[in-house]
1. Give the shape of the range A:42-119 as rounded, prolate or oblate, defined through the alpha-carbon gyration tensor: a ≥ b ≥ c are the square roots of its eigenvalues, a/c under 1.5 means rounded, and otherwise the shape is prolate if a/b is larger than b/c and oblate if not.
2. So, counting K/R as plus one and D/E as minus one, what does the shell of residues with Cβ under 14 Å around B:Glu70 add up to?
3. Could you give the size of the charge dipole of the range A:100-166 about its Cα centre, using +1 on the Cβ of each K and R and -1 on the Cβ of each D and E, expressed in debye and rounded to the nearest 20?
4. Starting from the 7 Å offset along Cα-to-Cβ, what nm value, one decimal, do you get for the label separation of A:Ser197 and B:Thr50?
5. Once you list every other residue whose beta carbon is under 11 Å from the beta carbon of A:Ile227, what net charge do they have if Lys and Arg are +1 and Asp and Glu are -1?
6. Can you tell me how chain B classifies by the Cα gyration tensor, rounded, prolate or oblate, using a/c under 1.5 as the rounded cut?
7. Considering only protein heavy atoms, what is the solvent-accessible area of A:Tyr23 at a probe of 1.4 Å, reported in Å² to the nearest 10?
8. Determine the percent antiparallel among the DSSP beta bridges restricted to the protein assembly as shown, to the nearest 5.
Amino acid sequence: MARAAAKRVAAPVLELRGVSKRYGRALVLNKIDLSLAEHEVVCLIGASGSGKSTLLRCADLLEPIDAGSITLSGRAVHADDRDADTTRRQLGIVFQGFSLFPHLTALENVALAPRVALGLTAAAAEKRARALLKQLGLAAKANAYPDSLSGGQQQRVAIARALATEPKVLLLDEITSALDPVLVADVLEALRALAKSGATMLIATHEMAFAADVADRICYLEGGEIIEQGSPEKIFKTPRDPRTRAFLKRVRSVGASALR
Amino acid sequence: MTAARSARKGTLVAVISTLVVATLLAISIGSSPSWPLVQKAFFDGTYFSTSLPDVIGAFAINIQLFVLAEILILPIGLLIALARSITSPALAPLRIFATIYTDFFRGVPSILLIYVLGFGVPALRLPGVPSEPFFWALVTLVLIYSAYVSEVYRAGIESIHPSQERAARALGLTRFQALRFVVLPQALRRVVPPLLNDFIGLQKDTALVSILGVVEAFKQAQILKSANFNFTPLMVTAVIFLVITIPMTRLVDRLAAKDRAAQQGGTR
Ligand SMILES: Nc1ncnc2c1ncn2[C@@H]1O[C@H](COP(=O)(O)OP(=O)(O)OP(=O)(O)O)[C@@H](O)[C@H]1O
Ligand SMILES: [Mg+2]
C-alpha cells in the first residue's frame, strides 16, 4: 500500500529492541524486536499463550522486562521507574477485561485522566471527553453509568478513555473476544475509523479478517518470538515460515472466516 | 393478586402471633408475686415524667460527645486505614505504627481506657494540657473508635477489585490519584452501613464517660436514682438511647439490604 510505504521513512514512535521477559523459569518473550512508525497499525496474531498480552503489558511498562530496551519517541523508557506514570500517559491501553470505573458516568470515565493526570481544567477535560465519545458513536450515552451499557458500548468507552490522554500509541489486547458478534462489528468499526484518522496502534487480536483489513503490518508470534512479520498480503497469502503456515491453516480449519 | 393476598395474610399472622406472645409474657411477668415491687422500683409513672426533662437535658452532653467524636473519627480513621495500606518500604514505620494502634485500641476494654486517660493524664498536670473530664472523654472515644472505623475503611478499600487500580494506573494516574479518584469513592460507598454500625456502638458508649464525673444522661439518671431511691430514671435513659439507636439500626439494615441487592443485580 502506498500509505504504508510512506510511513517507512518516519522515525519509530515505539520501539522494542531485544525485549525478553520471564515468568519464573518460563521465557515468555524472547528477544522481541518490534517498531511502530507514526500512524502505523500493527496487529499481533498467534496462538493462545504465544505472548501477545505479555508483549503489550511490557510495552506499557505494566510489567518489568528482563532484557532489551523500549524507547518511546526516541527516549528510553524501560529503565526509569520514576517516569513510568508520564510514559503511561503517552500510551493508551485497553484490555478485554479492563473494567470501566463503575462509580463514574461514561463521560466522567473518559474525562478523569485528562483532568487528573494531565491537569486540564474540568471544562476542557469534559469537552475532550465529549468529542471522543462522539467519535466512537457514544454521544447519546455520555451520562450513562457503565452498568447500563452493553458490552460493546463499554468497550468503546474504554477505548475513548484510553485515547483521552492523547497517547502516541494505542495498545489494544483482544478487546472483542468477550463480545457477541453484533457488538464485535461495532467495536471493530470504531477501530477502523481510528486507524483511518491516523492513530498509531498495536493490536493483539484473534480476528484475522479484521487484522487483514486494518493492519499495515502483521506480526506472527509463537513461543514468545516474532516468527514472521510483513504486510497482511504477505502474511496471509504467502507466508514464508512453516510455523506461520501451520497456524493459519489451523485458524482457517476452525472455520474462522479469516480471509476472503 | 394472589401474591398480594398471601402477603396480607402473612402480615396478619405475624401480628397475631406477636400479640399472643406479648400477652403471654405480660401475664407471666405480671403474675410474679414480686412484680408490683419491681414495677414500683423501675417503672414508676410519676418518677418517669418528673425525671424525663432532667435526663433529656443531660442527654445533650451525650449528643455533643458523639457528634464531635464522629466528626473527628471519620478523617482520623481514614488516615489510619491509609497508613495501614502503605506498601512503600520507606514508610514502613507509619504502617507498623498504625497496625499497633488498631490492635491496641481494639483490644483494651473501653471503660479501662476511659479510666486511665480520664484520670491519669490530667493527674500528670502537664502544662497546657486540659484537665476537663469532657475533653478526655472525647479524646478516649475518638482514639478507640478511630481504630474500629479504620478497620471498616480498610475492608472497604480491599473490597475494590485490583483491576480498578490497574486501569487507573494504566491511564497514567499516580498511585495516590488512583486511590483518591477511583478506589476510595467506590470503597466509601460500601462502608456506610458498617460505619453506622460502629457509630451506634459509639453512641451507647458515651454513657461510659459517666465514670469520669461527666454529667451526661446516665450519670444524671444515677443522681436522680440515688436521690429518690428509685430506678425509674435509668429506664428513662434507656428509652432515650433507644429512640436514637433504633432508627439508626433500621437505616443500617436498609442500606445493607440495598447494597446486597445492587451487588446481586450485577454491579461490579
Ligand atoms: N502473570 C503471569 N505469571 C506467570 N506466567 C504468566 C503470567 N502471565 C502470562 N503468563 C504466561 O506467559 C505466556 C504468554 O501469555 P500471554 O497472556 O502473553 O499469551 P497470549 O498470547 O496473550 O494468549 P491469549 O491469546 O490466550 O490471550 C503463557 O504461557 C502464560 O501462561
Ligand atoms: Mg492475551
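The values are calculated or read from the model by the stated rules, or taken from the named source; none is laboratory data. Computed from a predicted model, the values in this text were never measured in an experiment. Here Cβ is always computed from backbone atoms with ideal geometry, including for glycine, and neighbour counts include all displayed protein chains. Heads up: the accessible areas ignore ligands, DNA and RNA and are worked out on the full protein's heavy atoms, side chains in. Shrake-Rupley method; radii C 1.70, N 1.55, O 1.52, S 1.80 Å.
1. Oblate, since a/c reaches 1.5 and b/c is not below a/b.
2. -1
3. Value, rounded to 20: 180 debye.
4. Those two pseudo-labels are separated by 8.2 nm.
5. -1
6. oblate
7. 100 Å²
8. Here the antiparallel bridges make up roughly 55 percent for the protein assembly as shown.
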